[in-house]
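Trainee: I have a structure here, written as structure tokens, and I will follow up with some questions on it.
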Amino acid sequence: MRIIAWGDQRHVNTSHRCFEPARALQERGHELLVLREGEEARTDTLPDGCDVLFVHRLHSANVLRTAHALTATGAAFVWDNDDDLTDVPPNPRGSVKRGGLRSQQTAAELSAAIGLADLVTTPSADLALRFRAGGAPAVTIVENYVPDAFSRVRRPAHDGVTIGWVAGYEHIYDLRELGLRDVLRQLLDERADVRVVSIGLDLSLERDRYRYMPMVHYAELPQLTAEWDIGIAPLADVSFNRARSNCKLKEYAAVGTPWLASPVGPYAGLGEREGGRLVADDDWHAALGRLSDDARERGKLAKRGRRWSREHAMSRNVKRWEAALGDAVQRRRARG
């Protein structure tokens with residue numbers, strides 16, 4: 001297949017939902033052109049004979065025009081999303097994050113993208129139901145898989161215990177609702193050997209042993225998270241979070257970082273076999289303290305997590321993406 005992959009390189013989600021699967025398909029012999037948000041996709045500059053336009057989340061007028069133009073030439077259109085953009089939790093000021101995700105224009109563009117697509121792909125059964133209800137002609141669930149680079153990193157030795165969280169801006173709602181800022185401040189005050197790192201979301205801890213990294217390239221993420229002793233994945237029990245994927249836990253597990261997560265949505269039913277433990281809303285302080293104190297238990301969880309993550313490596317599962325895009329191509333050809 002000749003594949004055009006298009007997404008926003010600033011978002012980690014785009015890497016594991018679009019760019020990484022597309023590159024894995026390229027390694028299997030498929031031709032690939034990668035576009036990034038902001039790059040004008042004029043049809044006269046795109047290669048002839050494209051088989052499939054593979055877009056993650058983007059839904060602007062330009063994307064829709066390009067999709068219309070390419071489908072008119074016989075190319076399939078696959079639209080992927082791993083979040084419900086119409087259901088983002090409110091931020092502390094009572095509105096959604098900047099960008100107007102609940103605006104009428106956004107809703108109209110999302111509806112148009114879903115309706116135009118030959119196939120919508122998503123990692124979540126909950127999201128699949130929402131997209132079908134929203135008018136998607138066909139929806140396929142393809143889980144998030146972890147690039148093999150995650151399993152190849154080496155974990156550096158260090159003193160103390162580092163607690164880390166990879167969190168997009170929307171997790172500010174979880175930070176607030178679960179009282180995690182106070183929990184982490186208390187741990188830093190109580191334990192001189194504990195450090196906290198956040199990537200993406202500023203936790204505003206105002207402590208010497210807290211480090212905030214606003215943005216990192218996805219290729220840097222494996223080594224950074226391998227330096228942590230505990231990875232956290234807290235979620236408030238709201239509709240938006242119930243439609244998420246479990247990719248964050250797979251990534252933590254793949255680098256040997258034991259995790260603690262909320263028993264919500266994609267994390268419900270996971271546990272020690274997958275390299276971590278589920279934590280009730282009011283138990284974060286105790287759970288972090290227990291695991292911080294027990295290096296032996298962290299080692300056991302790390303081994304189990306690595307074993308689980310191997311089942312979800314991209315190299316073992318790229319055929320699922322190949323089948324999904326191939327199905328879209330067949331659907332387009334059948335439509336004529």
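The values are calculated or read from the model by the stated rules, or taken from the named source; none is laboratory data. If you're wondering where the values come from, they're calculated on a predicted model, not measured in any experiment. Every residue, glycine as well, gets a Cβ built from its backbone with ideal geometry; the counts of neighbours run over all protein chains shown.
Trainee: Residues of region 113-151 being in contact with a His (Cβ under 8 Å, 6 or more places away or on another chain) and over 16 Å from H56 (Cβ atoms), which ones? Even if it seems obvious, please write down each step before you answer.
Mentor: Within region 113-151, the first condition is being in contact with a His (Cβ under 8 Å, 6 or more places away or on another chain), and the residues that meet it are 113, 116, 143-147.
The one that is in contact with a His (Cβ under 8 Å, 6 or more places away or on another chain) and over 16 Å from H56 (Cβ atoms): V146.
Trainee: Out of region 293-319, which residues are crowded, with 16+ Cβ neighbours inside 10 Å, out of contact with any Pro (no Cβ under 9 Å at 6 or more places or on another chain) and basic (K, R)?
Mentor: Across region 293-319, the qualifying residue is only R306.
Trainee: Ok, one more. Pull up region 108-160, narrow it to residues that are closer than 30 Å to R332 by Cβ and among the charged types (D, E, K, R), then point me to the one that is modelled with the lowest pLDDT.
Mentor: E109
Trainee: Can you work out which of the residues in region 6-64 that are among the β-branched types (V, I, T), farther than 15 Å from Y145 by Cβ and at pLDDT below 90 is surrounded by the fewest Cβ atoms within 10 Å (Cβ to Cβ)?
Mentor: T45
Trainee: Identify the residue in region 203-246 that is crowded, with 17+ Cβ neighbours inside 10 Å and among the aromatic types (F, W, Y) and, among all such residues, is nearest to D8 (Cα to Cα).
Mentor: If we take residues in region 203-246 being crowded, with 17+ Cβ neighbours inside 10 Å and among the aromatic types (F, W, Y), then Y218 is nearest to D8 (Cα to Cα).
Trainee: Continuing with this model, one more query. Report every pair of residues separated by at least 6 positions or lying on different chains whose Cβ atoms are under 7 Å apart, first residue within region 258-276 and at positive phi, second of a type in the set (S, T, N, Q).
Mentor: Going by the 7 Å Cβ cut-off, the qualifying pairs are G265/N241.
Trainee: Please enumerate the residues belonging to region 193-219 that are touching a Gly at 6+ places or on another chain (Cβ under 8 Å) and more than 18 Å from Y252 (Cβ to Cβ).
Mentor: D193, P214, M215
Trainee: Go through region 278-331 and give me each residue that's touching a Lys or Arg at 6+ places or on another chain (Cβ under 6 Å), over 19 Å from W228 (Cβ atoms) and part of a helix (DSSP H, G or I).
Mentor: Result: no residue meets the conditions.
Trainee: Can we say L64 is assigned by TED's automatic domain parsing to the domain that holds T121, more than 18 Å from R2 (Cβ to Cβ) and either in contact with a helix residue (DSSP H, G or I) (Cβ under 6 Å, 6 or more places away or on another chain) or without any contact (Cβ under 8 Å) to a residue 24 or more places away in the chain (or both)?
Mentor: Yes: the conditions hold for L64.
Trainee: Same structure, new question: Starting from region 92-121, take each residue that is within 30 Å of R181 (Cα to Cα) and among the acidic types (D, E) and list its partners that are at pLDDT below 85 and surrounded by 12 or more Cβ atoms within 10 Å (Cβ to Cβ), counting only C-beta distances under 7 angstrom and pairs at least six apart or across chains.
Mentor: Nothing qualifies.
Trainee: Here is a follow-up. Kindly indicate which of G179, G168, G135, G160 is among the small types (G, A, S), surrounded by fewer than 17 Cβ atoms within 10 Å (Cβ to Cβ) and not assigned by TED's automatic domain parsing to the domain that holds E227. Steps first, please.
Mentor: Numbers: G179 fails: not assigned by TED's automatic domain parsing to the domain that holds E227; G168 fails: not assigned by TED's automatic domain parsing to the domain that holds E227; G160 fails: not assigned by TED's automatic domain parsing to the domain that holds E227.
After applying the criteria, what remains is G135.
Trainee: Can you tell which of L260, L270 is aliphatic (A, V, I, L, M), surrounded by fewer than 23 Cβ atoms within 10 Å (Cβ to Cβ), outside any helix (DSSP H, G or I) and not assigned by TED's automatic domain parsing to the domain that holds P90?
Mentor: When all the criteria are applied, what remains is L270.
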